[in-house]
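Contents: one structure, followed by commentary.
Quick note: the coordinates plus some simple rules give every number you see, no bench work behind them. Not measured: the values here are computed from a predicted model. So basically every Cβ, Gly included, is an ideal-geometry build from the backbone, and we count neighbours across all protein chains shown.
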Amino acid sequence: MERYESLGPVGEGSYGTVLKCRHRDSGRLVAIKKFMDSDDDKAVKKIALREIKLLRQLRHDNLVNLLEVWKRRRRWYLVFEFVDRTLLEELEQNQSGLDLNTSRQYLYQILRATAFCHQQNIIHRDIKPENILISQGGVVKLCDFGFARTMASPSEGAVYTDYVATRWYRAPELLVGDIKYGKPVDVWALGCLLIEMLTGQPLFPGDSDLDQIYHIIRCFGNLTTHHKELFYRNPVFSGVTLPECSVRVQLHQRFPTITPAALDLAQVSRVAPSFLDKIQCFLQIDPLHLSLYLYRFLDELNAKI
Ligand code: ADP
């Protein structure tokens with residue numbers, strides 16, 4: 001740490017602090033993530049080690065770059081390249097949303113980052129505006145791999161129980177308590193993020209898990225039979241009746257000014273089967289998952305940028 005001069009905190013996470021620092025010799029700016037004492041707290045240790053392992057494996061232009069790691073006095077220190085601001089800050093400064101071109105450029109880069117992780121069989125599980133860093137030149141870097149994890153192959157019948165990510169960006173399967181989820185949870189978060197970039201407003205700002213489910217149903221209609229079954233089997237919701245929605249407020253009604261191409265991501269019937277096959281093969285995820293339509297954007301954006 002002596003090699004760096006601290007310029008003050010830039011972020012406070014659940015498991016430590018992020019400091020902006022300057023390397024004394026080179027003058028290089030870095031962000032140092034300093035975890036809490038990890039010997040006493042098993043959860044902190046697990047998260048720190050998981051993040052280090054995954055970040056060493058993941059090198060990409062749109063992922064935050066890990067420069068060095070050390071452990072001192074029972075704390076882990078992770079040194080990253082410093083990135084100027086977060087998408088959250090940018091959205092706070094633009095309360096009516098970002099312009100279409102900026103949203104497209106950001107989304108394109110976030111999709112590249114996510115697709116890269118998915119190709120390495122890693123799901124991020126906590127994609128949200130705070131975890132998207134943006135450099136002065138407009139380069140997007142996905143950060144915070146503390147919740148990310150490697151997927152076991154489906155034949156191993158993997159179940160995941162330790163999911164705790166931010167509610168507003170949580171996919172329906174997570175809300176109802178499905179323990180067999182996968183890459184689509186990231187794609188769902190990307191869909192929420194896209195609408196938030198375009199409008200400046202969080203898409204589904206639920207104030208409880210039940211309210212979160214209600215927000216989703218009101219927009220996209222009732223849950224699937226499988227998700228309903230999981231809901232009623234989940235002890236967390238025992239005695240609770242699943243909200244039914246009588247009047248749907250669909251995306252195009254709620255956001256009449258958004259470009260139809262962006263809203264297309266929610267229009268299941270419009271997507272050609274051949275396109276679905278292509279995506280499914282690329283990502284190996286459930287073709288019926290609503291948020292998949294975002295990947296159609298990747299093609300469109302590839303052609304435009
Ligand atoms: P935690 O897992 O503790 O939430 P994060 O990795 O999400 O930690 O970082 C917390 C905050 O610190 C981010 O939301 C961001 O504001 C800031 N931050 C993280 N990494 C960087 C970086 N490389 N450059 C600049 N700021 C960063």
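What does the highest-first list of 19-28, 82-91, 140-149 look like by mean Cβ count within 10 Å?
On the way: 19-28: 13.7, 82-91: 17.5, 140-149: 22.2.
Listed from highest to lowest mean packing, they are 140-149, 82-91, 19-28.
How charged is the neighbourhood of V44? Take every other residue with its Cβ under 13 Å from the Cβ of V44, and add Lys/Arg as +1 and Asp/Glu as -1.
On the way: positive: K33, K34, K42, K45, K46, R50, K71, R74, R75; negative: D37, D39, D40, D41, E51.
Net charge in that neighbourhood comes out at +4.
If we count every other residue with Cβ under 13 angstrom of L19's Cβ, Lys/Arg +1 and Asp/Glu -1, where does the sum land? All intermediate terms of the calculation are to be shown ahead of the outcome.
Numbers: positive: K20, R22, K33, K34, R75; negative: E5, E12.
Once positives and negatives cancel, what remains is +3.
Would you mind checking K33/K180; K33/K141; K33/K71; K20/K46; K20/K141 for any pair whose Cα atoms are more than 22 angstrom apart? Numbers along the way, then the final one.
Values: K33/K180 31 Å; K33/K141 16 Å; K33/K71 12 Å; K20/K46 24 Å; K20/K141 16 Å.
With Cα atoms farther than 22 Å apart: K33/K180; K20/K46.
Tell me the net charge near S6. Cut-off is 12 Å between Cβ atoms, S6 excluded, with +1 for each Lys or Arg and -1 for each Asp or Glu. Display every interim value, and only then the final one.
Details: positive: R3, K20, R22, R24, K34; negative: E2, E5.
With Lys, Arg at +1 and Asp, Glu at -1, the net is +3.
At 7 Å along Cα-to-Cβ for each site, give me the label-to-label distance between R74 and D40 in nm.
For the pair R74/D40, the computed spacing is 0.6 nm.
What ranking, highest mean first, results for peptides 206-216, 171-181, 68-78, 104-114 when packing means the other Cβ atoms within 10 Å averaged over each residue?
On the way: 206-216: 17.3, 171-181: 19.8, 68-78: 14.5, 104-114: 21.6.
Peptide ranking by packing, descending: 104-114, 171-181, 206-216, 68-78.
Over segment 1-86, how many percent of alpha carbon pairs lie in each 10 Å bin up to the one with the longest distance?
Result, from short to long distances: 17, 51, 30, 2 percent.
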